[in-house]
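J.: Sharing a structure with you now.
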Amino acid sequence: LKSGVRRVVFSSTCATYGEPQQVPISEDHPQQPTNPYGWSKLMMERIMESYDAAYGLRFVALRYFNAAGATHELGELHEPETHLIPNVLRAALGEISAVSVFGNDYPTPDGTPIRDYIHVADLGEAHILALDHLRAGGSSERINLGNGQGYSVMEVIETARQVTGRPITVKIEPRRAG
């Protein structure tokens, strides 16, 4: 506030919800994070709500689901790579021997986690729209960013097998914490 900032677009996360009570998850779904990342984002949302009430600091909290993809301008690089889709493609190319699947005992048709993906270019557009909303005098908002359709880890792997025509070895690992 001292520097004149009156509007904030915040990259939040669906991890603020924790385990969903219903699907799809709406913005008013109860928030019960299950890991420190989700808690840290929820705490920041609460701080912004307090600043909005006390000082009129307007914000849009964009609650990302699973960002995926690259753009031709920026590409994508993570080292070490931990994201599913790049690792699936690396396995199809023979760059890694297998894709780790963390848990196959979830209450889903194939036992693997279901994720809602959103392309990074769509996230960029959402940020621009959020800023436009605030510049136009809009109120503070919390907005989920996903496509509304979930895909299991095994569905993603099977789709990559079909598209690439290559075998992709899967290694089942224990669930990750949180």
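Every read-out reported here was derived from the displayed coordinates using simple, explicitly stated rules and does not represent laboratory data. Nothing here was measured: the structure is a model prediction, and the numbers come from that model. Neighbour counts are summed over all protein chains in view; Cβ atoms, including those assigned to glycine, are modelled from backbone coordinates with ideal geometry.
J.: With the crude spin-label approximation of a point 7 Å out along Cα→Cβ, what separation in nm comes out for residue 73 versus residue 172?
T.: So the label points at residue 73 and residue 172 sit 4.4 nm apart.
J.: I've got another one for you. For the chain, give the share of DSSP beta bridges that are antiparallel, in percent and rounded to the nearest 5; count only bridges with both residues there.
T.: Working: 4 of 23 bridges.
Looking only at bridges with both residues in the chain, the antiparallel portion is about 15 percent.
J.: Apply 1/(1 + (r/R0)^6) to the Cβ-Cβ distance of residue 83 and residue 50, taking R0 = 41 Å, and write down the FRET efficiency to the nearest 0.05.
T.: Values: r = 33 Å, r/R0 = 0.81.
Result of the calculation: an efficiency of 0.75.
J.: If I model a spin label at residue 1 and residue 164 as a point 7 Å from the Cα along the Cα→Cβ vector, what separation in nanometres do I get?
T.: Output for this residue pair reads 5.2 nm.
J.: Between the stretch 1-72 and the stretch 116-152, what is the separation of their alpha carbon centroids in Å?
T.: Rounded to whole Å, the Cα centres lie 11 Å apart.
J.: Which longest uninterrupted range of the chain lacks any trypsin sites (Lys or Arg not before Pro) assigned by DSSP to a loop state (not H, G, I, E or B) and surrounded by at most 16 other Cβ atoms within 10 Å?
T.: On the way: sites that count: 2, 6, 175, 176.
Free of exposed loop sites, the longest segment is 7-174.
J.: What percent does the relative contact order of the chain come to when contacts are Cα pairs within less than 8 Å and at least six residues apart? Working shown, then result.
T.: Values: 257 pairs, mean separation 50.0, N = 178.
This gives 28 percent for the chain.
J.: Using +1 on the beta carbon of Lys and Arg, -1 on that of Asp and Glu, and nothing else charged, what's the dipole of the chain about the Cα centre, debye to 20? Walk me through the numbers on the way to the answer.
T.: Details: 16 positive and 21 negative charges, 88 e Å.
That gives the chain a dipole magnitude of about 420 debye.
J.: Sticking with this one: So if the hydrodynamic radius of the chain is defined as the Kirkwood radius over C-alpha pairs, what does Stokes-Einstein give as its diffusion coefficient at 25 °C and 0.890 mPa s, in µm² per second? Mind dumping the intermediate values first?
T.: Working: Rh = 18.2 Å.
Rounded to a whole number, D works out at 135 µm²/s.
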